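Written out below as structure tokens is the structure these notes cover.
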Amino acid sequence: MSDIYLNQLGLLCALGNSPADVVAGLRAGVSPGMQMRAGYLEGREVMVGEVLAELPSVADLPLRQRSRNNAMMLAALAQIRPAVDAAIARFGPQRVAVVLGTSTSGIAEGERAMRVKVAQGEFPPGYVYGQQELGSPARCLADVLGVQGPAYVISTACSSSARALMSAARLLRGGLVDAVITGGVDTLCAFTVSGFAALDSVSAERCNPFSANRHGINIGEGAALFLMSRDEAAVTLAGWGESSDAHHMSAPDPSGRGAETAMRDALRRAGLAPAEIDYVNVHGTATPHNDAMEGPAVARVFGEGVQISSTKPLTGHTLGAAGAIEAAIAWLALQPDNTAGWLPPHLWDGAADPALPPLRLVEPGMELGRRPRHVLSNSFAFGGSNATLVLGAR
């Protein structure tokens with residue numbers, strides 16, 4: 001069976017507006033887009049992870065595709081457009097697919113339109129409901145590129161874009177297509193921030209994963225797009241695992257059985273032992289329930305021997321885009337030029353939770369002394385949707 005490769009990456013998030021910016025931010029432990037902002041929660045500011053880039057205009061798109069979400073996706077596409085165009089020319093538009101993850105799509109446009117309707121009695125002329133349809137990013141990208149293969153969005157909350165990468169790999173392994181543009185995009189809006197606040201899950205300051213003092217997330221935004229194919233490249237999607245808790249509408253199964261199943265399934269599919277994983281990018285939302293579940297699950301699979309970190313204090317929780325953005329961070333750490341073996345740092349207050357097992361959290365500036373070989377990345381979502389990716393260096 002042919003290996004699946006992640007050939008190219010377009011990326012922007014709170015850490016920066018390109019893969020190079022993101023590497024610089026990770027290595028310095030500095031994220032310019034993590035800022036206190038008004039307008040997302042009534043009556044108070046909240047820390048969010050904003051994309052600070054100037055996004056491309058969407059004025060030439062059909063009205064139903066004009067959203068900030070699609071603009072951010074097109075900004076990521078621009079970074080890899082020559083390679084994508086070359087793949088389309090080589091394989092033909094019928095043999096190229098688009099598989100994306102999102103949870104917001106154009107909800108921000110719907111929010112603005114609803115405020116106008118409440119104030120003036122009707123929606124503004126620049127708004128149509130299609131702007132917030134979840135399938136919009138895939139349809140927009142397929143139309144812009146002129147591809148005719150399968151084009152769809154997976155929306156399973158915070159596991160969406162991790163599952164998009166899995167689905168893209170299955171299209172390739174099934175011989176249905178020869179290349180896939182895959183990843184995820186999510187943009188900030190009051191709906192998601194307010195929703196998590198209603199669950200008492202939003203932190204008033206920078207989130208604090210695995211700390212005894214943790215009390216919630218920061219919502220973020222961003223986009224990560226990969227060109228995935230069977231053409232050999234420096235990084236492979238070596239394996240993936242998925243499971244469903246079937247436990248609760250929003251809380252994870254506190255036993256962590258589903259998370260453990262996803263991790264072990266990903267290792268099995270990759271043909272790897274736990275000791276062969278150099279680093280785990282944990283879901284690490286800094287909510288009391290997630291960290292209490294994930295810490296013990298990781299410890300059961302890996303013991304105390306693997307380096308781990310949550311990158312959400314540097315990106316915010318990008319919801320439907322989180323799986324792809326964190327896979328992108330893994331991809332960057334696995335590049336051949338990372339001969340020192342830098343790893344994404346874990347930013348927190350250092351107050352270990354005595355209820356959690358000891359974990360080897362990556363300290364700022366920590367290096368392996370060699371290029372990492374395999375990285376595992378977790379994404380766990382509402383409804384108990386668990387997704388784990390394993391990326392490998394070639």
Against the condition at positive phi, in contact with a strand residue (DSSP E or B) (Cβ under 6 Å, 6 or more places away or on another chain), surrounded by 22 or more Cβ atoms within 10 Å (Cβ to Cβ) and not aromatic (Phe, Trp, Tyr), how does GLY220 come out, does it pass? no
Filter the stretch 341-384 for residues that are of a type in the set (Gly, Ala, Ser) and surrounded by 23 or more Cβ atoms within 10 Å (Cβ to Cβ); which is farthest from ALA297 (Cα to Cα)? ALA381
Filtered residue count, the stretch 231-253, keeping only those that are surrounded by fewer than 17 Cβ atoms within 10 Å (Cβ to Cβ), under 23 Å from GLU276 (Cβ atoms) and not aliphatic (A, V, I, L, M): 1
Count, please, the residues in the stretch 190-249 that happen to be among the polar types (S, T, N, Q) and at pLDDT below 95. 6
Of everything in the stretch 142-170, what is aliphatic (A, V, I, L, M) and closer than 24 Å to ALA330 by Cα? Give them in sequence order. VAL153, ILE154, ALA157, ALA162, ALA164, LEU165, MET166, ALA168, ALA169
Return yes or no: is ASP143 farther than 20 Å from ARG66 by Cβ, surrounded by fewer than 24 Cβ atoms within 10 Å (Cβ to Cβ) and acidic (Asp, Glu)? no
Just checking, how many residues over the stretch 19-54 are in a loop (DSSP other than H, G, I, E, B), closer than 18 Å to THR187 by Cβ and touching a residue at least 24 places away in the same chain (Cβ under 8 Å)? 6
Scan the stretch 320-351 for residues that are in contact with a helix residue (DSSP H, G or I) (Cβ under 9 Å, 6 or more places away or on another chain) and either over 24 Å from ASN7 (Cα atoms) or free of Cβ contacts under 8 Å to residues at least 12 places away in the same chain (or both) and jot them down. PRO345, HIS346, LEU347, TRP348
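Conditions (1) under 25 Å from GLY365 (Cα atoms); (2) at pLDDT below 95; (3) surrounded by 23 or more Cβ atoms within 10 Å (Cβ to Cβ); (4) among the β-branched types (Val, Ile, Thr), marked per residue:
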{"site": "TYR5", "(1), (2), (3), (4)": "no, no, no, no"}
{"site": "VAL22", "(1), (2), (3), (4)": "yes, no, yes, yes"}
{"site": "GLY29", "(1), (2), (3), (4)": "yes, no, no, no"}
{"site": "GLN35", "(1), (2), (3), (4)": "yes, no, no, no"}
{"site": "TYR40", "(1), (2), (3), (4)": "no, yes, no, no"}
{"site": "GLU50", "(1), (2), (3), (4)": "yes, no, no, no"}
Scanning the stretch 254-268 residue by residue, those more than 14 Å from LEU389 (Cα to Cα) and surrounded by 20 or more Cβ atoms within 10 Å (Cβ to Cβ) turn out to be GLY256, GLY258
If the Cβ limit is 7 Å and pairs must be 6+ apart or interchain, which residue in the stretch 244-260 that is more than 14 Å from ASN378 (Cα to Cα) and of a type in the set (S, T, N, Q) pairs with which residue that is at pLDDT 80 or above and in a loop (DSSP other than H, G, I, E, B)? SER250/LEU199
Subset of the stretch 139-158 (residues that are over 30 Å from GLU242 (Cα atoms) and over 23 Å from the mean Cα position of the chain (by Cα)): ASP143, GLY146
Quick count over the stretch 55-89, residues being polar (S, T, N, Q) and either farther than 19 Å from ASP186 by Cβ or surrounded by fewer than 16 Cβ atoms within 10 Å (Cβ to Cβ) (or both), is 1
Of the criteria (1) closer than 21 Å to ALA169 by Cα; (2) within 22 Å of the chain's Cα centre (by Cα), which one SER136 fails: (1)
Of everything in the stretch 98-116 that's of a type in the set (Val, Ile, Thr) and not in a strand (DSSP E or B), which residue is farthest from SER136 (Cα to Cα)? VAL116
Select the helices (runs of 4 or more DSSP H) contained entirely in the stretch 280-394, then report the ones holding at least 2 residues which are small (Gly, Ala, Ser) and at pLDDT 95 or above. 288-302, 322-333
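The values are calculated or read from the model by the stated rules, or taken from the named source; none is laboratory data. Since we're looking at a predicted model, the values are computed, not measured. Backbone-built Cβ (ideal geometry, glycine too); neighbour counts: all protein chains shown.
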